Amino acid sequence: MDRKNLKIALVNPRIESYSSTMPPLGLLYIASLLETNGFNVRIYDIYPYDDSDIEALIQYKPDVVGMSVLTDYWNRAKYISERINRNLSDSTFVIGGVHVTALPEDSITQLKADIV
């Protein structure tokens, strides 16, 4: 598949108690590298109590979904991953971040990801 035709979505789940106004810099760095190398990338900075970005992600129908998971965001990440797995089963689901680094086996099993 041509890089220009490969759709990549990067997801940052947020929760109310730790919803910083800072952008998700790690995902932005990854997106910049991917775009520089010719990939089509969108970032979804998903806030709590608003599933419109999840719906937009599903409508985008990415080939690859990457999600950053912090321990504080674990429950929100589980909710979003359930939606991804139910609606984007043909997409490759990649997870990373602090929580996943600390608990890779548990994370890949619970979030039903393809790659950690």
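Going through (1) more than 15 Å from the chain's Cα centre (by Cα); (2) crowded, with 18+ Cβ neighbours inside 10 Å; (3) among the β-branched types (Val, Ile, Thr) one by one, THR109 falls short only on (2). The number of residues in region 29-47 that are under 20 Å from ARG76 (Cα atoms) and surrounded by 15 or more Cβ atoms within 10 Å (Cβ to Cβ) comes to 5. For region 8-116, the helices (runs of 4 or more DSSP H) that sit wholly inside it and include 2 or more residues that are touching a residue at least 24 places away in the same chain (Cβ under 8 Å), in contact with a helix residue (DSSP H, G or I) (Cβ under 7 Å, 6 or more places away or on another chain) and not aliphatic (A, V, I, L, M) are 74-87, 104-111. For region 57-83, the set of residues classified as of a type in the set (A, V, I, L, M, F, W, C) and under 13 Å from ILE8 (Cα atoms) consists of LEU57, ILE58, VAL64, VAL65, MET67, listed by residue number.
Across region 76-115, the number of residues qualifying as more than 22 Å from PRO23 (Cβ to Cβ) and either touching a His at 6+ places or on another chain (Cβ under 8 Å) or polar (S, T, N, Q) (or both) comes to 8.
Just to be sure, is GLY66 loosely packed, with under 15 Cβ neighbours inside 10 Å and of a type in the set (Gly, Ala, Ser)? Show your work before the answer.
On the way: loosely packed, with under 15 Cβ neighbours inside 10 Å: no; of a type in the set (Gly, Ala, Ser): yes.
Against the criterion (loosely packed, with under 15 Cβ neighbours inside 10 Å and of a type in the set (Gly, Ala, Ser)), GLY66 does not qualify.
The numbers here are math on the coordinates, done by the rules we state, and not lab data. None of the values given here were measured: they were computed from a predicted structure. Cβ sites come from the backbone with ideal geometry, for glycine too, and all protein chains shown count toward neighbours.
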